[in-house]
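The values are calculated or read from the model by the stated rules, or taken from the named source; none is laboratory data. These numbers come from a predicted model, not from an experiment. When we count neighbours, we look across all protein chains shown, and the Cβ atoms used for this are built from the backbone with ideal geometry, even at glycine. Remember, those area values only see protein heavy atoms, side chains included, never the ligands or the DNA or RNA. Shrake-Rupley method; radii C 1.70, N 1.55, O 1.52, S 1.80 Å.
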Amino acid sequence: MKSVKVQDAVGMVLCHDITEIVPGVVKDAAFRKGHVIREEDIDKLLNLGKAHIFVYDLEEGYVHENDAAARMVKAACGQGIRLSDVKEGKINLFAEYKGVLKINLEALYAVTEDPEICFATIHGNKVIEEGTMVAGTRVIPLVVKEEKLQVFEKICQEMGPIIQMLPMKHAKIGMVTTGSEIQSGRIEDKFGAILTNKFSHLDCEVVGQVFPGDDREMITKSILDFIDQGVDMVAVTGGMSVDPDDMTPAAIRDCGGEIVTYGAPVLPGAMFMLSYVKDIPVVGLPGCVMYAKRTVFDLTVPRILAGEKLTRRDFTHLAHGGQCQNCERCVYPNCGFGE
């Protein structure tokens, strides 16, 4: 910051408000802190009695807050992010389309180690509707040193985008509903309609539902048949508890492939199972998905359908925030479930 003659201040950044007072007419800031001095401002500043003003000189290795914000979003944003215009040094970020919001936490924490960098996001790993504000960014001072922005840009280059949207693709779902009571018709299947509705909200289509009862071999065959038909996911409902006669987990294992997890630190939804058979995700859904508003289904299935291949580590991270509060009025995803 330095004091310069008004005539020499063109292109420099004003460090303080300059007030204009006209008795009985106006008392307000004629120029606000952060204003970049223009040639046409000189006469008015002189009329306000400002022969000298305090400014930042952008030629001395500093970047104006507006330009800094523009550089940060360019470095930090991946696919599916729409930007607002810059206003008072701040740019807001919005979801360009419906999808799963991904936040690169390591990169986010790395850039915000610098107290002059502000990059604030909502929580990720959830389905976000088009147009939702997902983040905002700015620098704290009116001007920031060039090297600070270079560090920000280098982190994003090396660690990848801080924020992006994974689009939801139209997926075909095969549904395998176990249970002899359902197969025999003694109990009406209610899971199918509920699950079809849940998948439709994710822009997916249930292309078929079969009822193999509790026969382990038939459950396995049903799963493999759907995979051979070219579905993008198989959802198996029923029989996910630890009772000895529950065949679903064993039948999923019999399909071969990779078992990622049987069990999740999420309530409701602890008995969730995920495997990949011939690279196709097979999910074993516990009964809570049928009757609870939000469950492990909402925290995992959208991410899988958006192309993420979840690992056991992804499930351990669900423990923090994995307890749904069963609110009378559900506001998910604008709540702490799954954060």
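Within the range 275-339, considering only helices (runs of 4 or more DSSP H) that don't extend past its boundaries, which have at least 1 residues that are of a type in the set (A, V, I, L, M) and open to solvent by 60 Å² or more (accessible area, probe 1.4 Å)?
Once the helices (runs of 4 or more DSSP H) in the range 275-339 are filtered for at least 1 residues that are of a type in the set (A, V, I, L, M) and open to solvent by 60 Å² or more (accessible area, probe 1.4 Å), what remains is 288-291.
Looking at this structure, is Phe54 under 24 Å from Leu305 (Cβ atoms), open to solvent by 20 Å² or more (accessible area, probe 1.4 Å) and in a strand (DSSP E or B)?
For Phe54, the condition - under 24 Å from Leu305 (Cβ atoms), open to solvent by 20 Å² or more (accessible area, probe 1.4 Å) and in a strand (DSSP E or B) - is not met.
On the given criteria, is Val63 closer than 30 Å to Val301 by Cβ, part of a strand (DSSP E or B) and open to solvent by less than 30 Å² (accessible area, probe 1.4 Å)?
So Val63 fails the test.
Open to solvent by 10 Å² or more (accessible area, probe 1.4 Å) and more than 28 Å from the chain's Cα centre (by Cα): does that describe Gly208?
yes
Name the pairs: first residue in the range 63-88 and under 15 Å from Lys154 (Cα atoms) and touching a residue at least 12 places away in the same chain (Cβ under 8 Å), second residue among the aromatic types (Phe, Trp, Tyr) and outside any strand (DSSP E or B), Cβ to Cβ under 9 Å, at least 6 apart or on different chains?
Sorted first by the residue in the range 63-88, then by its partner, the pairs are Ala68/Phe152; Arg71/Phe152; Met72/Phe152; Ala75/Phe152; Ala76/Phe152.
Give me the residue from the range 141-174 that is open to solvent by 80 Å² or more (accessible area, probe 1.4 Å) and modelled with pLDDT under 95 and, out of that set, farthest from Asn92 (Cα to Cα).
Only one residue fits best here, namely His170.
Do you know which of the residues in the range 1-45 that are at pLDDT 85 or above and basic (Lys, Arg) is nearest to the chain's Cα centre (by Cα)?
Result: Arg38.
Looking only at the range 1-48, count how many residues are open to solvent by 100 Å² or more (accessible area, probe 1.4 Å), assigned to a loop (DSSP other than H, G, I, E, B) and under 25 Å from Val63 (Cβ atoms).
Qualifying residue count, the range 1-48: 4.
Check whether at least one residue in the range 123-133 is under 30 Å from Asp8 (Cα atoms) and either in contact (Cβ under 8 Å) with a residue 40 or more places away in the chain or in contact with a Gly (Cβ under 9 Å, 6 or more places away or on another chain) (or both), and report yes or no.
No: the range 123-133 contains no residue that is under 30 Å from Asp8 (Cα atoms) and either in contact (Cβ under 8 Å) with a residue 40 or more places away in the chain or in contact with a Gly (Cβ under 9 Å, 6 or more places away or on another chain) (or both).
Any residue that is assigned to a helix (DSSP H, G or I), without any contact (Cβ under 8 Å) to a residue 24 or more places away in the chain, among the hydroxyl-bearing types (Ser, Thr, Tyr) and under 25 Å from Glu339 (Cα atoms) - is there at least one of those in the range 191-207?
The answer is yes, given that some residue of the range 191-207 is assigned to a helix (DSSP H, G or I), without any contact (Cβ under 8 Å) to a residue 24 or more places away in the chain, among the hydroxyl-bearing types (Ser, Thr, Tyr) and under 25 Å from Glu339 (Cα atoms).
Filter the range 155-180 down to residues that are in contact with a helix residue (DSSP H, G or I) (Cβ under 9 Å, 6 or more places away or on another chain) and farther than 30 Å from Asp215 by Cα, then give me how many there are.
So the count comes out to 12.
Among the residues of the range 182-193, is any more than 22 Å from Lys293 (Cα to Cα) and buried (at least 18 other Cβ atoms within 10 Å of the Cβ)?
Scanning the range 182-193 turns up at least one residue that is more than 22 Å from Lys293 (Cα to Cα) and buried (at least 18 other Cβ atoms within 10 Å of the Cβ).
I need a count of the residues in the range 249-266 that are in contact with a strand residue (DSSP E or B) (Cβ under 7 Å, 6 or more places away or on another chain) and either over 23 Å from Gly179 (Cβ atoms) or assigned to a loop (DSSP other than H, G, I, E, B) (or both).
Of the residues in the range 249-266, 5 are in contact with a strand residue (DSSP E or B) (Cβ under 7 Å, 6 or more places away or on another chain) and either over 23 Å from Gly179 (Cβ atoms) or assigned to a loop (DSSP other than H, G, I, E, B) (or both).
Looking at Thr177, is it over 21 Å from Val296 (Cα atoms), open to solvent by less than 10 Å² (accessible area, probe 1.4 Å) and not in a loop (DSSP other than H, G, I, E, B)?
On the way: over 21 Å from Val296 (Cα atoms): no; open to solvent by less than 10 Å² (accessible area, probe 1.4 Å): yes; not in a loop (DSSP other than H, G, I, E, B): yes.
For Thr177, the condition - over 21 Å from Val296 (Cα atoms), open to solvent by less than 10 Å² (accessible area, probe 1.4 Å) and not in a loop (DSSP other than H, G, I, E, B) - is not met.
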